[in-house]
Amino acid sequence: MKKIIFFATALLTLVACSKDEIGGTKMESMAGQWYCTVDAVDDNGNPITQTLDGLPNSGEDYWGVGRTLVLTYNTAANTPDEMWINIMGIGNFAADYNYPLYPDYDFITKVKCDQATLTFSSNESANIAEPDIWSHEEEDAEGNPIVVIDYEVDPMPVTIEGRILKGAGRQNNGSPADSIIMYVKYKDDPWVPDDGYTKYKISGIRYSGLEEND
């Protein structure tokens with residue numbers, strides 16, 4: 001019995017030590033999942049109120065997607081001064097207007113970080129999101145369905161200025177939450193400045209994992 005107890009104690013000690021040694025990534029303070037909205041804003045960061053031709057317009061929730069999920073996470077090198085930002089779910093804003101040559105606004109890009117100030121930025125950084133592909137279905141000579149690609153539009157590089165604010169947001173249940181805010185410009189954005197804005201504001205709060213906050 002003493003041998004069994006000793007073995008069990010030693011095993012628990014080994015497991016505990018292993019957990020202590022694992023630790024987190026070097027971007028742990030800035031990594032996370034965020035629920036965000038996307039607004040079209042002017043140079044001062046204010047949502048636009050009208051387009052250049054004078055038509056009323058609200059830049060708030062510009063794409064009409066409501067909340068979209070944004071991911072921030074460490075690179076494969078796991079360095080303390082850079083991370084990936086992944087925003088999926090915006091899609092092709094021009095799709096409703098039948099402009100197939102307009103690109104998606106999703107992006108996956110690498111940014112430089114300062115963990116002391118919780119700020120991050122990039123300058124026309126590469127966007128490795130999937131290209132926007134427009135296709136249709138046809139039949140081959142034997143009558144089998146095949147997919148024919150009409151257009152393939154590469155994602156636009158992005159310039160980003162952003163920061164994370166500890167405890168500055170509020171969950172639905174009233175509890176404090178970290179917030180994130182970034183201003184994004186796409187290189188060769190076909191909608192800027194024709195619609196009266198100069199950049200996009202992506203902002204939101206950290207995902208809590210609680211159903212009551214969804």
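The values are calculated or read from the model by the stated rules, or taken from the named source; none is laboratory data. Just so you know, these numbers come straight off a predicted model, no measurement behind them. When the accessible area is computed, the model is the full protein with side chains, heavy atoms only, and any ligands, DNA or RNA have been set aside. Shrake-Rupley method; radii C 1.70, N 1.55, O 1.52, S 1.80 Å.
Numbers for the structure displayed
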{"read-out": "Subset tally (residues that are open to solvent by less than 40 Å² (accessible area, probe 1.4 Å), over 14 Å from the mean Cα position of the chain (by Cα) and modelled with pLDDT of 95 or more) for the stretch 84-118", "value": "2"}
{"read-out": "Tally, over the stretch 129-164, of residues that are modelled with pLDDT of 95 or more and open to solvent by 70 Å² or more (accessible area, probe 1.4 Å)", "value": "2"}
